[in-house]
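In what follows, a structure is listed as structure tokens, so that the remarks can point back to it.
The values are calculated or read from the model by the stated rules, or taken from the named source; none is laboratory data. Quick caveat, the model's predicted, so the values are computed rather than measured. So basically every Cβ, Gly included, is an ideal-geometry build from the backbone, and we count neighbours across all protein chains shown.
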Amino acid sequence: MEYYNYIKSFHLIFVITWFAGLFYIPRLFVYQIESFYKPSPDKEILGKQLKLMAKRLWYIITWPSAILASLFAIWLLILQPFWLQQPWMHVKLLFVVLLIIYHLKTHQYYKMLQKDEVKITSNFMRIWNEGATFILFAVVFLVILKNAINWVYGIIGLVLLGVLIMLGFKLYKRIRTKNPDA
């Protein structure tokens, strides 16, 4: 099984590029939503360019990375089925399911914005952008520590992360109110 580490490396590479897409696409959505309320011709020019950027990111990087990360993960589990007996792996797979749901919901937002349907605010999308962050933190700690038992510390950590993100969001919103170019 000398090729196991190669498969694991490819899995990790595609997980990283998948998350890169999931981190960046909501930022593009923020800009798309904000451009929708700009006067002409800015609205049309920015809207067209941001839709193109989102399309390329979504279909050239994010979706292929999600599929390849998943295929390499399945391959790893076929090669090492004993991982499926580990409690931390059960929790990790739960977070993977949440990540897939997050990805699919983000895809709905993508399709909506590609049709110039703005039903959400840029502030909502800024908060939505942090969903992948929570999942990433949870999965990395589970994989590195391989411990699904100590939920108290994990929950406290995620709550503290959420509080820090929300404080940062409020601070950024306050700065933007005072200086719209920030």
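Brief remarks on what is shown
- Condition broken by D42, with the remaining ones in (1) under 28 Å from P180 (Cα atoms); (2) surrounded by fewer than 19 Cβ atoms within 10 Å (Cβ to Cβ); (3) modelled with pLDDT of 95 or more satisfied: (3)
- Qualifying residue in segment 92-112 (condition: of a type in the set (D, E, K, R), surrounded by fewer than 13 Cβ atoms within 10 Å (Cβ to Cβ) and within 17 Å of the chain's Cα centre (by Cα)): yes
- Sole exception among (1) at pLDDT 95 or above; (2) in contact with a helix residue (DSSP H, G or I) (Cβ under 9 Å, 6 or more places away or on another chain) for G162, by number: (1)
- Every pair of residues 6+ apart whose Cβ atoms lie under 7 Å, when the first sits in segment 85-104 and is in contact (Cβ under 8 Å) with a residue 12 or more places away in the chain while the second is small (G, A, S) and in a helix (DSSP H, G or I): F95/A138; Y102/G131; Y102/A132; H103/A66
- Of all residues in segment 3-30, those satisfying the criterion of being under 20 Å from K105 (Cβ atoms), in contact (Cβ under 8 Å) with a residue 40 or more places away in the chain and not basic (K, R) are V15, T17, W18, F19, A20, G21, L22, F23, I25, P26, F29, V30.
- Tally of residues being closer than 26 Å to K48 by Cβ and among the β-branched types (V, I, T) across segment 87-144: 4
- Total residues in segment 1-11, condition of a type outside the set (D, E, K, R) and surrounded by 13 or more Cβ atoms within 10 Å (Cβ to Cβ): 3
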